[in-house]
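Encoded as structure tokens, the structure appears first; notes follow it.
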């Protein structure tokens, strides 16, 4: 998985590309989020548009990231969920846990 | 003299994988090949391959505790309209009834415990057994008739 971080209007946008699966991307996601949290960043938006595959391990990491950001008083939200990843979150009822947006401006406005 | 009519069904495919996560892709690739001739929807294929991924990952991580000297044995076959995938590890086994319900409010935000749930969601049947060879075996079955495109 490739990750890149850009900051827009006080929100750290994490663009992910590739797989978030066991042994490939799951730990990388956690480490990237932890670095942001440790450096005091509280508003984090994960852009999932180019995520090709996710498994239960990747879902677990997403949940763990959500919890660690929330526990620090921050907000972690999701942007551009591909349909199959949305399905995977839906069947485990996690879709109700995350705030999910279809447009970046709309997502950014929600942090204001 | 009559010659035996060749079976129209490919396989079974049998794999013996070392306990490395990168081998999950190989199992998925071969399962994809096994299903290639079937007129399945992309959606159905995707969920079958995800269930396979979860089963092999479970065997590597929890069954064999990522000990690369232990193997994960995978057998995949199509008989009639039924796909059967057997995944056996060489670990100590576990009691599947003790795995918590990931939909329960107290488990909703746990970072693990969803793999078996996904297998049960995406396949028709998931059975657990303790074969005589040792380890734990998960048997996944799917009626391919219902997943045609």
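The values are calculated or read from the model by the stated rules, or taken from the named source; none is laboratory data. Only a predicted model underlies this, so the values are computations on that prediction, with no experimental measurement involved. So basically every Cβ, Gly included, is an ideal-geometry build from the backbone, and we count neighbours across all protein chains shown.
Results, tabulated for the structure shown:
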{"read-out": "Single residue of B:109, B:103 found to be assigned to a loop (DSSP other than H, G, I, E, B), in contact with a helix residue (DSSP H, G or I) (Cβ under 6 Å, 6 or more places away or on another chain) and within 14 Å of chain A (Cβ to nearest Cβ)", "value": "B:109"}
{"read-out": "Matching residues in the range A:86-112 - criterion: being buried (at least 19 other Cβ atoms within 10 Å of the Cβ), assigned to a helix (DSSP H, G or I) and without any contact (Cβ under 8 Å) to a residue 60 or more places away in the chain", "value": "A:88, A:89, A:94"}
{"read-out": "Residue match in the range B:69-76 (condition: within 14 Å of chain A (Cβ to nearest Cβ), at negative phi and in contact with a strand residue (DSSP E or B) (Cβ under 8 Å, 6 or more places away or on another chain))", "value": "yes"}
{"read-out": "Unique residue being touching a residue at least 24 places away in the same chain (Cβ under 8 Å), assigned to a loop (DSSP other than H, G, I, E, B), on the phi < 0 side of the Ramachandran plot and crowded, with 16+ Cβ neighbours inside 10 Å when the list is B:135, B:91", "value": "B:91"}
{"read-out": "Residue match in the range B:70-88 (condition: surrounded by 12 or more Cβ atoms within 10 Å (Cβ to Cβ) and within 30 Å of residue A:69 (Cβ to Cβ))", "value": "no"}
{"read-out": "Residue within the range A:17-36 that is more than 14 Å from every other protein chain (Cβ to nearest Cβ), closer than 27 Å to residue B:46 by Cβ and either over 11 Å from the mean Cα position of the chain (by Cα) or not in a helix (DSSP H, G or I) (or both) present", "value": "yes"}
{"read-out": "Of all residues making up the range B:112-122, the number that are within 8 Å of chain A (Cβ to nearest Cβ), crowded, with 19+ Cβ neighbours inside 10 Å and in a helix (DSSP H, G or I)", "value": "3"}
{"read-out": "Count of residues meeting criterion [touching a helix residue (DSSP H, G or I) at 6+ places or on another chain (Cβ under 7 Å) and surrounded by fewer than 19 Cβ atoms within 10 Å (Cβ to Cβ)] in the range A:76-85", "value": "1"}
{"read-out": "Out of A:10, A:64, sole residue that is in contact (Cβ under 8 Å) with a residue 40 or more places away in the chain and farther than 20 Å from residue B:47 by Cβ", "value": "A:10"}
{"read-out": "Residues of the range B:51-69 classified as crowded, with 18+ Cβ neighbours inside 10 Å and over 10 Å from the mean Cα position of the chain (by Cα), total", "value": "5"}
{"read-out": "Subset of the range B:1-50 [surrounded by 13 or more Cβ atoms within 10 Å (Cβ to Cβ) and modelled with pLDDT under 90]", "value": "B:10, B:11, B:38"}
{"read-out": "Tally of residues being facing another protein chain (nearest Cβ under 10 Å) and not in a helix (DSSP H, G or I) across the range A:57-85", "value": "0"}
